[in-house]
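Participant: My structure is below; once you've seen it, I'll send some questions.
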Amino acid sequence: MSTGYQIKEQDAPHYITLQVVYWVDIFTRQVYRDIIVESLRYCQQNKGLEIFAFVIMSNHIHLIVRSQNNDLSGVLRDFKKYTSKRITEAIETGTESRKAWMLRLFTHAAKRQNKEGTYQVWTHENHAIQLYSNIVIQEKVNYIHLNPVRSGIVENQDEYVYSSAKNYAGRQSIIDVIVVDRIWKTC
């Protein structure tokens, strides 16, 4: 089912939003955020994913990324599949107080999509927007970094641990990113 957000140019930079089904606020727990961080690092090191900006919010992730291997759709598919499996395993075996509720929602989402697996953590859409100009890229980087501020989590964007705002402030972050400057070529 197409939603109009298909990735046509697999090696172009894209602004991506990945959301959890039913907007379940799973990333309020560090254990699940750490699964995302570990998986993004793996994709950088092993799948040719270039990350320019990111933020992990309570129920969604924003990224500005590009594939060195001309396969952004494949990288995102593998990322979502792997993190879904790891997250549901952590819920099942961990001390999650909302275990029954979360697994019931993830099961319901899988059944609604006639999915083969037991659970569905991510929506099928990747909400991918190809970035075509320096102005749009800068707007998206700013939007990503201001997300935790607008949500009232922090006062200053570079205070949020699960974001690339620290990278852009010249500080160490949990994920290394390629800092976009104003003269970045998009062609």
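Participant: At most 10 other Cβ atoms within 10 Å and a DSSP loop assignment: could you name the chymotrypsin sites (Phe, Trp or Tyr not before Pro) in the stretch 89-144 that fit?
Facilitator: Those that pass, being in a loop and sparsely packed, number zero.
Participant: Can you tell which of Gln113, Val55, Ser39 lies farthest toward the positive end of the dipole of the stretch 14-131, using +1 and -1 charges on the Cβ of basic and acidic side chains (Lys, Arg; Asp, Glu)?
Facilitator: Comparing the listed Cα positions along the dipole, Gln113 ranks first.
Participant: So which aspartates and glutamates can Lys99 reach, going by Cα to Cα under 13 Å and dropping same-chain residues fewer than 8 places off?
Facilitator: Cross-link targets: Asp25, Glu89.
Participant: Find, among the trypsin sites (Lys or Arg not before Pro) in the stretch 54-134, those assigned to loop by DSSP (not H, G, I, E, B) with at most 16 other beta-carbon atoms within 10 angstrom. Don't skip to the answer; put the middle values down first.
Facilitator: Working: sites: Arg66, Arg77, Lys80, Lys81, Lys85, Arg86, Arg98, Lys99, Arg104, Lys111, Arg112, Lys115; in loops: Arg98, Lys115.
Loop-located and lightly packed - Arg98, Lys115.
Participant: Going by C-beta contacts inside 10 Å, put Glu89, Glu155, Glu125 in order with the fewest on the left. Before the final figure, lay out each step's value.
Facilitator: Values: Glu89 12, Glu155 9, Glu125 15.
The fewest-first ordering by Cβ neighbours comes to Glu155, Glu89, Glu125.
Participant: Tell me, what HN-Hα J-couplings in whole Hz come from the Karplus equation 6.51 cos²θ - 1.76 cosθ + 1.60 at θ = phi - 60° for each residue of the stretch 37-50, using x for Gly and Pro?
Facilitator: 4, 4, 6, 5, 4, 4, 5, 5, 6, 10, 10, x, 7, 9
Participant: Run lengths n ≥ 4 of DSSP H only: what is the helix-derived mean residue ellipticity at 222 nm for the chain, with -39500 (n - 2.57) per run over all residues, to the nearest 500? Could you put the intermediate results ahead of the total?
Facilitator: Numbers: 5 runs with 74 residues, N = 187.
Computed mean residue ellipticity for the chain: -13000 deg cm²/dmol.
Participant: Over 18 Å between C-alpha atoms is what I'm after, so list which of Lys47/Lys81; Lys8/Lys81; Lys85/Lys140 land there.
Facilitator: On the way: Lys47/Lys81 14 Å; Lys8/Lys81 21 Å; Lys85/Lys140 29 Å.
Table pairs above 18 Å Cα-Cα are Lys8/Lys81; Lys85/Lys140.
Participant: Using Cα-Cα distances under 8 Å and only pairs 6 or more residues apart, what relative contact order does the chain have, in percent?
Facilitator: Numbers: 293 pairs, mean separation 55.8, N = 187.
Answer for the chain is 30 percent.
Participant: Let me ask you something else. Looking at the chain as a GNM with Cα springs under 10 Å, which of Gly170, Gly74, Gly48 has the largest mean-square fluctuation?
Facilitator: Per the Cα network of the chain with a 10 Å cutoff, Gly170 tops the list.
Participant: How large is ³J(HN,Hα), in whole Hz, for each residue of the stretch 13-24 in order, when computed from phi with the Karplus curve 6.51 cos²θ - 1.76 cosθ + 1.60 and θ = phi - 60°, using x for Gly and Pro?
Facilitator: Karplus values, whole Hz, x for Gly and Pro: x, 9, 8, 10, 10, 10, 10, 7, 4, 6, 6, 4.
Taken together, the values in this text are just the output of simple stated rules run on the coordinates, not laboratory data. Nothing here was measured: the structure is a model prediction, and the numbers come from that model. Here Cβ is always computed from backbone atoms with ideal geometry, including for glycine, and neighbour counts include all displayed protein chains.
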